[in-house]
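The values are calculated or read from the model by the stated rules, or taken from the named source; none is laboratory data. Quick caveat: nothing in here was measured; it's all calculated off a predicted structure. Note: ideal-geometry Cβ built from the backbone for every residue, glycine included; neighbour counts use all protein chains shown.
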Amino acid sequence: MSRPSNTPAPTDFLPELERRRLLKDVTDRDALSEHLKTGSRRIYAGFDPTADSLTIGNLVPIMLLAHAKRAGHEAVVLMGGGTGLIGDPSGKSEERKPMTSETVAQNVAAQRPIFEMVLGKVDGPDHLTVNNADWLRTLSYIDVLRNVGKHFSVNMMIQKDSVKSRLNDREQGISYTEFSYMILQAYDFLHLYKEQGVTVQCGGSDQYGNIVVGLDLIKKDHFAELEKAGVVDFQMDHKTRDDVLSGVQPRHVLGFVAPLITKADGGKFGKTESGAVWLTADRTSPYAYYQFWLNCSDEDVSTFLRVFTFMAIEDIESLEAAHAQAPGKRAAQRALARAATIILHGESEMLQAEAAGKALFSGAIASLPEKTLREVFSEVPSSEHNMASLEGMDLVELLIETGLAKSKREAREFIGNGSVSINGVKAAEGRTLGSSDLLHGSIIALRRGKKAWYVTRWG
């Protein structure tokens, strides 16, 4: 849970989301604004445990929850330990390979610290984390068909893009299992509404249809309860029933979504040459995370500052103005990298990542801690070497062996013109290597020119 704090008076934070380019669609804007202003609300977003971490794209709904918390509302994290056993067909061209219960449970446990790292630092009411396996596993098949499935029209379900595209693909198709995913997802909203008092769901724009389906299920379930109580006549004709249903409001139950984050050049957000950017340090180190933001383009930095930091809009606008005057200094990117890394990894890790970047640029790497050094060089070309051959090794031979030079003549030329360094220190002609050159007892880093680093590991 988050640390104790002075809880702010509940406010409508939708205008803040708009200023931050974090609001795309709302099921009923006026109703939601009024709902947020008149009390502290429980607002949830769901997360799929398809891996033992989340990617940077998943940070968007986490930031939505963080803004809700900052505005005096209670953020509810829904971890999909139950739905993860089924698999969301959205965005998938073929059936997912089912994960075992053990794998899903492990992924849920591995993802949980991410929410603590981000939401736990935000002032506001304590946030709540729940796992839909706790209630979905207790449902019987008959109960689902009788009490939930009866509220879903197959005609409506097959019109959803995630289903329609698969139905039109004769080779892949869609199984009944994945077809039923939206029913379970909608049931999550109904359960949280009835058992936890959750009245608002949020997420990315790809979840808007699922949110609407959940709202509709809550309304129909409420109508069914009115039938049982004799408030409405279950024998009324369909038109009259629909008219009554359209007016059923079992308290305000609403939803909103953020737009899909894209890069200005049309490239996929959250991808680097080495793969996805993850939200846990074992997958993407704090150094690599810092560098991801630092290397963003001038065209993207304004959006990323608004979406992925809590910096005041006025401060962001000041940064934009300064950046426009001197883009080469990349002040906006540096501010983004600092703020975004602090949110996820904390200030200490941010400072280490920043120092590591400066050391790598200057070549002064010898003072870096071993953990940071390994992070910095995790994607640099490297090779393993026998420690017994280190003492007295000719640098010329090692440059050829590592591919930093093609021949002895070229290696001597590089050394002679001062373009070769060992652990950041310029190498002299005739240089040999020994155990005294080892960093942390096992690493020697070579550099040719300003950027061509190569790591040799000795053991």
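Annotations
- Of all residues in segment 295-337 being within 17 Å of the chain's Cα centre (by Cα) and part of a helix (DSSP H, G or I), the one that is nearest to Phe361 (Cα to Cα): Ala337
Yes/no matrix, rows are residues, columns are (1) over 24 Å from Asn107 (Cβ atoms); (2) at pLDDT below 80; (3) under 24 Å from the mean Cα position of the chain (by Cα):
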{"position": "Asn147", "(1), (2), (3)": "yes, no, no"}
{"position": "Ile158", "(1), (2), (3)": "yes, yes, no"}
{"position": "Gly173", "(1), (2), (3)": "yes, yes, no"}
{"position": "Thr177", "(1), (2), (3)": "no, yes, no"}
{"position": "Gly204", "(1), (2), (3)": "no, no, yes"}
{"position": "Val213", "(1), (2), (3)": "yes, no, no"}
{"position": "Leu217", "(1), (2), (3)": "yes, no, no"}
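- Tabulated pairs, segment 23-40, first more than 17 Å from Gly203 (Cβ to Cβ), second part of a loop (DSSP other than H, G, I, E, B) and among the small types (Gly, Ala, Ser), C-beta under 6 angstrom, 6+ apart or interchain: Ser40/Gly72
- Test: residue in segment 422-435 that is closer than 30 Å to Leu294 by Cβ, touching an Asp or Glu at 6+ places or on another chain (Cβ under 7 Å) and outside the structural domain of Val277 (by TED's automatic domain parsing): yes
- Candidate set from segment 264-294 (those that are assigned to a helix (DSSP H, G or I) and not hydrophobic (A, V, I, L, M, F, W, C)); member that is surrounded by the fewest Cβ atoms within 10 Å (Cβ to Cβ): Gln291
- Residues (closer than 14 Å to Trp135 by Cβ and part of a strand (DSSP E or B)) located in segment 77-88: Leu78, Met79
- Among (1) part of a helix (DSSP H, G or I); (2) modelled with pLDDT of 95 or more - the single one Ala45 does not satisfy: (1)
- Residues satisfying the stated conditions in segment 366-421, i.e. closer than 30 Å to Glu349 by Cβ and of a type in the set (A, V, I, L, M): Ala366, Leu368, Leu373, Val376, Val380
- Whenever a residue of segment 350-364 is farther than 14 Å from Tyr290 by Cα, its partners that are buried (at least 16 other Cβ atoms within 10 Å of the Cβ) and charged (D, E, K, R), lying with C-beta atoms within less than 8 angstrom and at least six residues away or across chains, give the pairs Gly363/Arg447.
- In segment 359-417, residue surrounded by the most Cβ atoms within 10 Å (Cβ to Cβ) [restricted to those that are within 41 Å of the chain's Cα centre (by Cα) and of a type in the set (S, T, N, Q)]: Thr372
- Residues within segment 107-129 that are under 18 Å from the mean Cα position of the chain (by Cα) and either farther than 17 Å from Ile343 by Cα or part of a helix (DSSP H, G or I) (or both), tallied: 14
- Scanning segment 270-319 for residues that are free of Cβ contacts under 8 Å to residues at least 12 places away in the same chain and of a type outside the set (S, T, N, Q) yields a count of 7.
- When Ala51, Ala9, Ala66, Ala31 are checked against the criterion of being not assigned by TED's automatic domain parsing to the domain that holds Asp206 and not in a strand (DSSP E or B), Ala9 stands alone in meeting it.
- Some residue of segment 97-104 being surrounded by 17 or more Cβ atoms within 10 Å (Cβ to Cβ) and under 20 Å from the mean Cα position of the chain (by Cα): yes
- Taking (1) part of a helix (DSSP H, G or I); (2) crowded, with 19+ Cβ neighbours inside 10 Å; (3) at pLDDT below 95 in turn, Ile261 satisfies each apart from (1).
- The residue pairs whose first member lies in segment 386-403 and is under 19 Å from Arg447 (Cα atoms), whose second member is of a type outside the set (A, V, I, L, M, F, W, C) and assigned to a helix (DSSP H, G or I), and whose beta carbons are closer than 7 Å, counting only pairs six or more residues apart or on different chains, are Leu390/Ser435; Val396/Lys408; Val396/Arg412; Ile400/Lys408.
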